[in-house]
Amino acid sequence: MSRGRALAAAALALAACRAAPPAPFTVRHGAAARPPPAAAPAAPPALRALVLGDFGDETAQQAALARAVAAAHARAPFDLAFSPGDNLYDCGPDPRRPGAEACRFGDDGASVAAGFLPPADPRFARFDARFPALRREGAPVPVYLALGNHDVASGGDCGDGALPPGPQARLKACLEVAHASPVWRMPARHYVVDRGPARFIVLDSNLLLGDYGGFTLEAEAAFLRAAAAGCHERPCFVVAHHPTATAGQHRREADPAYRARAALLEQAAGGAVAAWLCGHDHDLQHLRAAAGYDVLVSGNASRGRPRERFEQVSVPGAQLLFASTAWGYLTLEVSPGAWSARFAAADGAPLHCCQASFPGRCEPVACPAP
């Protein structure tokens, strides 16, 4: 590891080990900068979902967010949860475990071929042992995961040496899909979750950075195109690690190639996405994509970036409404014909709320009482 990377890693570790979160930096623009109107009266939600990204490191921040989520669930139970990537910092599952090399994807290139039994890998305990064991009506609340860049990392310090980067990234993706526990559900590399009035389309957004391991953006777009059928009739949410628009640190990745690949996925969705739920940037953000849908970033679960200042949006035409370095999480509530989002801090205090009448966009409103 270079001296610069070592110093950056040490600073990150020090910040993440704080017993209490640092004072947050928050910005609000456009409609979110004005005194928000009261939320419209709404029927009890048919579906309540948690979005908690970048959870995969054992830090004081992770422990604080686990407690916060458990408290939120006690106040108003979640029906399901999503972890949009970077589930196992820094390098994903261990491909050197005996038997791991036998993991293969099936003909669909997304689910694991039948018959594979993954070897025990203690790296998964970083997630399984720390994610709150949420239950509702006696049954575990399902937690659905997406692949992040750290989950398939295969270069630099994450390189194995026995496999080239591409095959190694593919194997790591396979091992994450193959893993299962009471708090880990990843039935495929990309998949659909239908629950109540909503559809959630989980993607492998590592392909926004380029094809890898034999996986292609064209195939991902074809999957999204098929999954988005019918999404003009009900709210559909993409769940992916990487944002299509951001004002966080990873805006530097949004070069013309990245933006073109994101545009291909937007075209595949056919304008039918209500919101893009993601992480990758270790903060909380609400943006309006240039294509009109909402981008909700909830990536501040285990590694904060307290120096982030949200000075520029990555995509021309996209608008930043709200952003904060606060440790926190996102709650999504969906009813027939309507949905809302609420960002909350680790102490449960509301940070930003919005409300949408389908197919309209999520407009800032005053946060209702918990």
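Taken together, the values in this text are just the output of simple stated rules run on the coordinates, not laboratory data. Quantities reported herein were computed from a predicted structural model and do not represent experimental measurements. For neighbour counting, all protein chains shown are included, and Cβ atoms are generated from backbone atoms with ideal geometry for every residue, glycine included.
Here are the numbers for the structure shown:
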quantity: Exposure proxy order (Cβ contacts within 10 Å, fewest to most) of Cys91, Cys278, Cys158; calculated: Cys158, Cys91, Cys278
quantity: Charge dipole (debye, nearest 20) of the chain; +1 at Cβ of Lys and Arg, -1 at Cβ of Asp and Glu; calculated: 760 debye
quantity: Among Ala110, Ala31, Ala70, residue whose mean-square fluctuation peaks in a GNM of the chain (springs only between Cα atoms under 10 Å); calculated: Ala31
quantity: Of all DSSP beta bridges in the range 28-365, antiparallel share, percent nearest 5; calculated: 70 percent
quantity: Neighbour-count order for Thr325, Thr216, fewest beta carbons within 10 angstrom listed first; calculated: Thr216, Thr325
quantity: Rel. contact order, % - alpha carbon contacts under 8 angstrom, at least six apart, the range 111-204; calculated: 33 percent
quantity: Average Cα contact separation per residue, the range 28-365, under 8 Å, 6 or more apart, as relative contact order %; calculated: 21 percent
quantity: Computed over the range 73-113, Kirkwood Rh from alpha-carbon pairs, angstrom; calculated: 13.7 Å
quantity: Backbone N within the range 292-324 under 20 Å of label point (7 Å from Arg252 Cα along the Cβ vector); calculated: 299-300, 303-316, 324
quantity: Alpha carbon centroid spacing (whole Å) that separates the range 82-105 from the range 301-338; calculated: 27 Å
quantity: Global size of the chain as Cα Rg and Dmax, reported in angstrom; calculated: 19.2, 59
quantity: Distance between modelled label sites at Ala260 and Arg104, nm, 7 Å Cα→Cβ extension; calculated: 3.5 nm
quantity: Ala114-Glu233 FRET efficiency (beta carbon distance; Förster radius 22 Å; 0.05 resolution); calculated: 0.05
quantity: Candidates per trypsin sites (Lys or Arg not before Pro) in the range 112-185, loop by DSSP, up to 15 other Cβ within 10 Å; calculated: none
